[in-house]
Every structure is written in structure tokens, then in C-alpha cells.
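First comes the structure, then the notes that go with it.
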Amino acid sequence: MALKLLMAVSGLVFIGFVLTHMYGNLKAFAGHDAFNEYAHHLRTFGEPMLPYGGLLWVLRIVLIVSLVAHVASAAILSSRAAKARRVKYEVKKNRGSSLSSRTMRWGGVAILLFVVWHLINFTIGRVNVSGGPTNDPFNLLVDTFDVPWMTLIYLVAMVALAMHLHHGTWSALQTLGLTGTAKARKNAKLAGWVVAIVIAGGFSLVPLAVLTGIITK
């Protein structure tokens with residue numbers, strides 16, 4: 001139970017983070033200066049009590065700890081479930097499970113790989129696949145999503161994220177004891193859909209807007 005609780009809480013930390021990150025991404029619709037001002041503000045927030053970029057490092061540490069806790073809990077629980085299943089079914093039936101629940105493991109791996117590339121692309125390495133400069137956050141974003149295959153990778157990752165959030169939200173609420181009644185279970189399933197659609201949909205708006213010319217330099 002402790003591992004499930006740890007997995008639920010760390011998952012909720014990620015939901016809070018991606019909601020905030022999505023809000024920042026949507027600043028791109030306000031134009032170059034608004035987006036870059038937001039990016040700069042994140043690095044100067046809390047000065048002089050925090051050093052330049054201090055808030056980002058605090059967030060990174062919290063996210064790394066949450067990531068380790070989430071992945072480790074998932075791996076241990078999965079291993080225990082496999083060991084407990086001594087006799088395999090001759091015909092595997094998935095009548096009681098959703099596609100989201102059946103793809104949680106591989107979806108999680110896909111999201112993890114995407115996050116690594118996303119950090120290399122926009123934060124750690126700042127790789128401009130168009131060959132342009134990398135010192136301007138807004139222009140780097142536009143250059144990236146002007147490339148169709150980059151937008152495609154991003155959108156596929158958002159599908160994986162949506163499916164992960166859909167089942168993960170339901171599972172977290174169940175672990176926290178918030179699905180005790182039929183109405184509560186219905187609300188938890190609805191919450192899973194809302195979280196998945198709002199977050200994955202919100203993240204998808206910017207690359208689609210860049211690719212279609214709505215957001216430009």
C-alpha cells in the first residue's frame with residue numbers, strides 16, 4: 001500500500017507540474033516578448049533570496065525525486081504482480097481493463113524518453129533542428145515546430161501522455177480512497193478524461209499553431 005501511495009502522490013506532483021508547464025507554453029500565443037519574459041521570470045523568481053535560476057533547480061530536484069519514486073514504485077509493483085501470477089492464463093482477456101491501463105508501462109517508457117529529448121531540445125542542450133540560433137526561447141520553439149517530423153513526435157508523445165494521465169488520475173484517486181462509491185468512481189473516471197484532454201490538448205495547441213502558421217516569429 002505504501003508503494004501505491006508513493007506512486008499516487010508522485011503522480012499528482014507531475015500533474016501539477018505539467019499543468020504549470022502547459023500554462024507557460026500557451027504564452028507563445030501572446031507573442032515573442034510575452035513568452036520570453038515568462039521564461040526569463042522563471043529564472044529570476046525569488047531573487048535575491050534565490051540565485052539566478054534557483055527556482056528552476058528547486059523544481060528540477062522535486063521532479064527528479066518524484067520521478068525516481070514513481071518509476072521505482074511502478075517497477076517493484078509490476079515485479080510483485082508478475083511473481084504472484086504463478087499460473088499464466090491460456091487466453092488473456094482484457095474485458096475489465098481499458099487501453100490506457102494496458103499501456104501504462106510502455107506509455108511511461110515513451111514519456112520518459114520524450115522528456116529526455118525535450119530537455120535536450122529546449123533546456124539542457126538547446127538543439128535547434130533547423131540549424132538556427134538557440135539563445136532565444138521563442139524562436140527556438142518556432143524553429144522546432146516548423147519542422148513537421150518534430151511536431152509529429154511531439155503529438156505522438158502527447159497521445160502517450162493523455163493515456164497515461166487518463167488511467168493514472170483514476171488510479172491515484174482510487175489509491176487515496178476517493179472512489180468508494182459508484183458516484184465517486186464515476187467522477188474519478190471523468191476526472192481522468194478531463195485531466196488527460198486538458199493537459200495533452202493544451203500542450204498540442206502550440207506545435208499545431210506553429211506548423212499551421214498561426215504562431216510565427
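The values are calculated or read from the model by the stated rules, or taken from the named source; none is laboratory data. These figures come from a predicted structure and were not determined experimentally. Virtual Cβ from ideal backbone geometry, glycine too; neighbours counted across all protein chains shown.
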Which of (1) in a helix (DSSP H, G or I); (2) touching a residue at least 24 places away in the same chain (Cβ under 8 Å); (3) among the basic types (Lys, Arg) does residue 217 not meet, given it meets every other one?
-> (1)
Looking at 169, 179, which is the one that is outside any helix (DSSP H, G or I), surrounded by 15 or more Cβ atoms within 10 Å (Cβ to Cβ) and either without any contact (Cβ under 8 Å) to a residue 60 or more places away in the chain or not aliphatic (A, V, I, L, M) (or both)?
-> 179
Are there any pairs, at least 6 apart or on different chains, whose C-beta atoms fall under 7 Å, with the first in the range 113-125 and under 20 Å from residue 135 (Cα atoms) and the second of a type in the set (A, V, I, L, M, F, W, C) and not in a loop (DSSP other than H, G, I, E, B), and if so, which?
-> 122/140
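Show me the helices (runs of 4 or more DSSP H) entirely contained within the range 54-165 in which 2 or more residues are hydrophobic (A, V, I, L, M, F, W, C), modelled with pLDDT under 90 and surrounded by fewer than 14 Cβ atoms within 10 Å (Cβ to Cβ). Step through it out loud before you land on a result.
Numbers: elements: 54-84, 99-102, 104-122, 137-145.
Those helices (runs of 4 or more DSSP H) span 54-84, 104-122.
Before we move on, is residue 170 of a type outside the set (Gly, Ala, Ser) and touching a His at 6+ places or on another chain (Cβ under 9 Å)?
Numbers: of a type outside the set (Gly, Ala, Ser): yes; touching a His at 6+ places or on another chain (Cβ under 9 Å): no.
Judged against the criteria, residue 170 is not a match.
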Tell me which residues, restricted to the range 26-48, are out of contact with any helix residue (DSSP H, G or I) (no Cβ under 6 Å at 6 or more places or on another chain), over 24 Å from residue 13 (Cα atoms) and among the hydrophobic types (A, V, I, L, M, F, W, C).
-> 29, 30
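Residues to consider are 28, 81, 75; find the one that is of a type in the set (Gly, Ala, Ser) and over 20 Å from the mean Cα position of the chain (by Cα).
Details: 28 fails: over 20 Å from the mean Cα position of the chain (by Cα); 75 fails: over 20 Å from the mean Cα position of the chain (by Cα).
On inspection, the qualifying residue turns out to be 81.
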